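S.K.: Before we start, here is the structure in question, set down as C-alpha cells.
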Amino acid sequence: MGKKMRYLLDYQEGERVVGFCLVKSKEAGVASNQSEYLNLELGDRSGTIMAKLWDVNAEIKEAIQVKAVVKIDAVVQSYRGKKQLVIQRIRLASPADEVVMESLIPISPIPPEELWGKLESVIHSLQSKTLQAILLEAISDSEIGERLRQYPAGVKMHHNYYHGLLEHIVSLLTAAERLLPLYPQVDRDVLYATCILHDIGKLYELSDPIAPDYTTPGQLIGHLVMGVEIVTGICRKLGIPLGDAEVLHLKHCILSHHGEVENGWGSAVSGKTPTAVLFHYLDQIDSKMNAIGQTLSDMGEEEWAYANVLRRKVWRGY
C-alpha cells in the first residue's frame, strides 16, 4: 500500500516527524545551563517551520550548515501559538538516501516543460528578428537556460518557489496577450520581450534556487541593471548595434519596470513609453496576485492574515 507523502506542515502538535528537510537558516544560542543549542529554520515542499536542537556538540554544529539536507526525528510542539519542532535526532542526508530535491522545496504547480513550451512558442511568434535573436540567444545560453528552469522570482515576496520565475514570465505573457487588443499603442514584440527578460538579472542577483540569498553583485548592482548588462552582452555577441531602437526600448522597459523613480522601488528611469508603463502595471498585478494567493492558501481557517507584499492584512471572508 502506497502511503501519501507527508510534509513538515502536515503534522500536528504532539506528532512525531521522521523525514528529510532542508536547513534554511541556523542560529546558535546558549541555554541557562550553559549548554549550546541551535535554532533552525527547516523547510520542505510544504513550507518552513522553526526547530530547536538542544545540547549541541561542536561536531553537529559544524555539520549542520544552511542548505544542508538533513534527516530528522522530531516532535511537534506549540510555542507562542505556533508549531515548532523539537529535534531528538538529526543527521546529514547521504547519497544512499536518494532524497528527491522537489520534495524539499516549494515548487510551482505548473510543470516546467509546459511553461518552457509556452515561452518558446511566444519567441518564435515575434515579428522582430532583432528581438527574436536576442531572446533565442538568451534562452539557449546553457547557464541562463538552466537557471530559468529552476530559479524563484524572489526570496520572499512573490513566486518564491522552484521555477517560480518561469511561471511568473509565462503568466505575464498570458496577461499581455489578453490586454494587447485593448491598447494598440503598445509595441507587442517589445512587450513580450520585456515579459521574458525583465527579471533575467535575478538569475545572478540570487545565489541559487534552493535557499536563495542575495549575491554581492545582486546587492551592489541589482537585477534591473544586471538584466540590461546581459542584453548588452548578447547584442555585442550577435553584432546588434546598441543604438537599435528596439534594443533601446527593451532596455528602457527593463530599467523602468519597478515604476516611477520617485517611488524609490529601484527603477533607473521612469517609464516613458506606453509599453513601459503597461508592463510596470502588468508586473505589479501578477506579483501581487500571486503573493495574495499564497497568503490565502496558507491561512487555513483564519479569516484575516498578514500579506507581506501588501504590508497589510487581507480578508478571506468573501
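S.K.: Within segment 146-160, does at least one residue satisfy the condition of being modelled with pLDDT of 95 or more, surrounded by fewer than 19 Cβ atoms within 10 Å (Cβ to Cβ) and of a type in the set (A, V, I, L, M, F, W, C)?
M.R.: No, segment 146-160 contains no residue that is modelled with pLDDT of 95 or more, surrounded by fewer than 19 Cβ atoms within 10 Å (Cβ to Cβ) and of a type in the set (A, V, I, L, M, F, W, C).
S.K.: Okay, moving on. Determine if segment 169-190 includes at least one residue that is buried (at least 17 other Cβ atoms within 10 Å of the Cβ) and among the hydroxyl-bearing types (Ser, Thr, Tyr).
M.R.: yes
S.K.: Right, something else. Kindly provide the set of residues from segment 285-318 that are closer than 26 Å to Leu250 by Cα and more than 15 Å from the chain's Cα centre (by Cα), ordered by number.
M.R.: Ile285
S.K.: What residue, among those in segment 191-243 that are charged (D, E, K, R) and in a loop (DSSP other than H, G, I, E, B), is surrounded by the most Cβ atoms within 10 Å (Cβ to Cβ)?
M.R.: This residue is Asp199.
S.K.: Just give me the residues in segment 25-60 being free of Cβ contacts under 8 Å to residues at least 60 places away in the same chain and of a type in the set (D, E, K, R), in sequence order.
M.R.: Lys26, Glu27, Glu36, Glu41, Lys52, Asp55, Glu59
S.K.: Just for segment 83-117: of the residues that are buried (at least 16 other Cβ atoms within 10 Å of the Cβ) and assigned to a loop (DSSP other than H, G, I, E, B), which one is farthest from the chain's Cα centre (by Cα)?
M.R.: Among residues in segment 83-117 that are buried (at least 16 other Cβ atoms within 10 Å of the Cβ) and assigned to a loop (DSSP other than H, G, I, E, B), the one farthest from the chain's Cα centre (by Cα) is Ala93.
S.K.: A further question follows. Within segment 253-273, can one find any residue that is under 20 Å from Leu126 (Cα atoms), part of a helix (DSSP H, G or I) and more than 22 Å from the chain's Cα centre (by Cα)?
M.R.: No, that holds for no residue.
S.K.: Give the residue that is nearest to Asp44 (Cα to Cα), with candidates limited to residues of segment 61-80 that are in a loop (DSSP other than H, G, I, E, B), without any contact (Cβ under 8 Å) to a residue 60 or more places away in the chain and within 28 Å of the chain's Cα centre (by Cα).
M.R.: So, considering only residues that are in a loop (DSSP other than H, G, I, E, B), without any contact (Cβ under 8 Å) to a residue 60 or more places away in the chain and within 28 Å of the chain's Cα centre (by Cα), the one nearest to Asp44 (Cα to Cα) is Ala68.
The values are calculated or read from the model by the stated rules, or taken from the named source; none is laboratory data. Source: prediction; values computed, not measured. Cβ: placed from backbone, ideal geometry, glycine included. Neighbour counts: every protein chain shown.
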